[in-house]
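Single-structure report; data block below.
Just so you know, all these numbers are worked out from the coordinates, no wet-lab data involved. As the structure is a prediction and not an experimental result, all values here were calculated from the model. FYI the Cβ positions are ideal-geometry reconstructions off the backbone, even for glycines, and counts take in every protein chain you see.
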Amino acid sequence: MEEITTKTRSDRAAEVRRASGDRKNVKRDIVLLCVSGAALAMSVICRGLFPADPAWIAVVLCGAPIVFDAASGLVERMDIKADVLVSVALIASLIIGETFAAAEIAFIMRLGSLLEELTVRKARAGIESLLRLKPRRARVLRHGNQTVIPAEEVRRGDILRILPGETIPADGEIIEGSTSVDLSILTGESLPVDKGVGDEVIGGTINRYGSFDMCADRVGDDSSLARMIRLAEAADVSKARIVGLADRWAARIVAAALLAAAATWLLTHEIIRAVTVLVVFCPCSMVLATPTAITAAMGNLTKRGVLLHRGDALERLAEIKCAAFDKTGTLTRGRPDVAAVESFDASMTEDDVLILAAAAEKRSEHPLARAVVRGYHRSLSTLPEAGDFRMQPGRGVECTIGERRVLVGNADLFNEREIPVSDRGPAFARWMRREGCTLVYVAADGVCVGAVALADQLRPEAWETVERIRSAGVEPVLLTGDNEDAAGSIARQLELRDCRARCLPEDKLRFITDSARNGRPVCMIGDGVNDAPALRAAHVGIAMGGIGSDIAVEAADITLRSDDIRQLPHLLELSRKMMRTIKLDLSFSLVLNFAAIALAVAGLLSPVSGALVHNAGSVLVILNSVRLLRWKRRRA
């Protein structure tokens, strides 16, 4: 046990050191670029005033690491990247005395490398947060005595006692007592679920009300929470960092550049022309095309409350064919609200029923009780006071309001008290359950006078968002842990053809992997801990940052910090616009390179002028990418 704990702490410390090292590297590169840029400016302005060309500073600070990395990769792994050609051009320029040209090439390449690192350096995170969800202690009943032990020491068959507010330490079955359990951590269920004797409870979920005893069944690595952690880890392994297009073509570019330079030397017998060919062949603008476009798109999204965690997220988003939505907290508000009130007594209006229910529930902390009180839109001070208040965990509440004895709760409580529901009650219940509602019945002096229907309400902007995503050629799908009635109600309102209810984390993960295998990359949009494996495994994961859990946010590639799902269509179209911009920049870079090579072979460009041409190409690429900063989606 101690060994495992020590290992976990060691892993966390390593993650902290790694993240700290990444930040230091970025700061170091910024300082080196500032110094090198100043050195290049001094080389132009103060030429001849120094014993040595100041451009050597840029060569050493920016060029030396490039040459070292290229040589290391080539010798140790035969890894040919764009850096190999850059290194050849740098060394050749220095050999013939073109120090400024070498410095320019080194500076541009270092700048491109920094931009790319800034867009993809977000390391994987979130699994440590999952580990923190594991309960630390458990109350075990042995030989009639209650003992508190570390949760890791719970064994199958142990009898555990769970108090209100505690995290359930293992999967098992309730053998005594009743309660309401918050399952949102695993299933995304929007409302706490009432549990009684014989019902199964899941480790890692939270006991909201009432104490109970349970028999542990699945413990340790077999628990549902442990399985979720393994799913998140496995999904994370499949994610690969973006690989630059210039690096993928590096071997061909290097071979073509060396052949072109050699041919130029053989034909013209002028080494300077051959070196110029190497200089203009350097893929500076190609290397800059992707990171600058991504950085500009990130700036656009930052102003809209959208945060990118990984630099290639937008590139992948442009490829999606399916958008899978979680329900609770994503398409809905994430909390229950009053959906309808029905009176079963001719002498009472719907307002009278709601007043009785709100007055009785005013002192309860149950989420359904709070929803009933929120449904009373007037000042709470106008509610009548409830006396002799009694709470029945997992059932409801009982109190006295004025001269009447009021009972508010579920059907089980009413059956237990033998209070019949009126003839209108069953029809209203069937209708409301079909709409995904939970019913709370209200009785006065032993007579059922009405019912309040509670449901997690659809966001007002959800329909427009889903419709715009559908019009962009992306199929929307609903994946939720809620029951079929709640899921079907949302699907009907949004006109979704594909709706899957009662999805556990592994079910969502299976849908995503199967879709990817069939050539339909999926974008997953969710907010809960239970969505973390799916968010990691999806082609792109988007988390609701305002109400979403930290684990979901860290598992995702993109976060909507304001929880405004209306940003999704803009996000999708911006990703496609960004990819069109990248392709345009790459095409321009290739045309510019070929034109510059022809001029270099003809002797019309020197190494310095060739480097300047590349600078001009790089500037044009950056300016074209900067347009993405202000890009807005055209209104339909």
### Query
Can you list the aspartates and glutamates whose alpha carbon sits under 13 Å from that of LYS27, skipping same-chain ones fewer than 8 residues off?
GLU117
### Message
Give me the net charge for the shell around ILE162: Cβ to Cβ below 9 angstrom, other residues only, Lys and Arg +1, Asp and Glu -1.
### Response
0
### Message
Can you list residues from other chains, or at least 5 along the same chain, whose modelled amide H is less than 5 Å from the amide H of VAL447?
### Response
none
### Query
Quick one: which of 565-572, 290-297 comes out on top by average Cβ neighbours within 10 Å, and what's the full order, highest first?
290-297, 565-572
### Query
Peptides 474-483, 583-592, 102-111: what's the order by average Cβ count within 10 Å, highest mean first?
102-111, 474-483, 583-592
### Query
Taking H as built 1.01 Å from N, whose amide H comes closer than 5 Å to the amide H of ASP194, not counting residues under 5 places away?
VAL181
### Vicinal HN-Hα couplings computed from phi for segment 564-574 (Karplus, 6.51 cos²θ - 1.76 cosθ + 1.60; Hz; Gly/Pro x)
8, 6, 5, 6, 4, x, 4, 4, 5, 6, 5
### Summary
Quick calc of log₁₀ I(q)/I(0), segment 335-457, Debye, one scatterer on every Cα, no solvent, q values 0.09, 0.22 1/Å, result -0.20, -1.39
### Message
Quick query: amide H of ASP337 versus all other amide H atoms, modeled in the peptide plane; which residues come in under 5 Å with a sequence gap of 5 or more or a different chain?
### Response
ALA455, ASP456, GLN457
### Along principal axes, Cα extents of segment 326-374, largest first, whole Å
42, 23, 12
### Task
Beyond 24 Å between alpha-carbons counts as too far, so tell me which of LYS327/LYS632; LYS303/LYS577; LYS321/LYS583; LYS327/LYS577; LYS327/LYS583; LYS321/LYS508 fall in that bin.
LYS327/LYS632; LYS327/LYS577; LYS327/LYS583
### Task
Taking the Cα centre of segment 282-387 as origin, sum charge times position over the Cβ atoms of Lys and Arg (+1) and Asp and Glu (-1), and report the length of that vector in debye to the nearest 20.
640 debye
### Summary
Sequence order, segment 332-341: Karplus ³J(HN,Hα) from phi using 6.51 cos²θ - 1.76 cosθ + 1.60, θ = phi - 60°, Hz rounded, Gly and Pro as x, gives 10, 6, x, 8, x, 9, 5, 9, 7, 10
### Query
Could you give me the ³J(HN,Hα) list for segment 57-67, computed from phi with Karplus coefficients 6.51, -1.76, 1.60 and θ = phi - 60°, whole Hz, x at Gly and Pro?
4, 5, 4, 6, 6, 9, x, 4, x, 5, 5
### Query
What net charge is computed for the residues neighbouring ASN145, neighbours being all others with C-beta under 14 Å from the C-beta of ASN145, Lys and Arg scored +1, Asp and Glu -1?
+1
### Task
Determine the relative contact order of segment 402-457: mean sequence separation of Cα pairs under 8 Å and six or more apart, normalised by residue count, in whole percent.
41 percent
### Task
Please list 320-326, 423-429, 197-203 highest first by mean number of surrounding beta-carbon atoms within 10 Å per residue.
320-326, 197-203, 423-429
#### Entry: Separation of the LEU266 and GLU153 label points, Cα + 7 Å toward Cβ, nm
8.0 nm
### Task
Could you work out how far the C-alpha centroid of segment 361-407 sits from that of segment 190-225, in angstrom?
27 Å
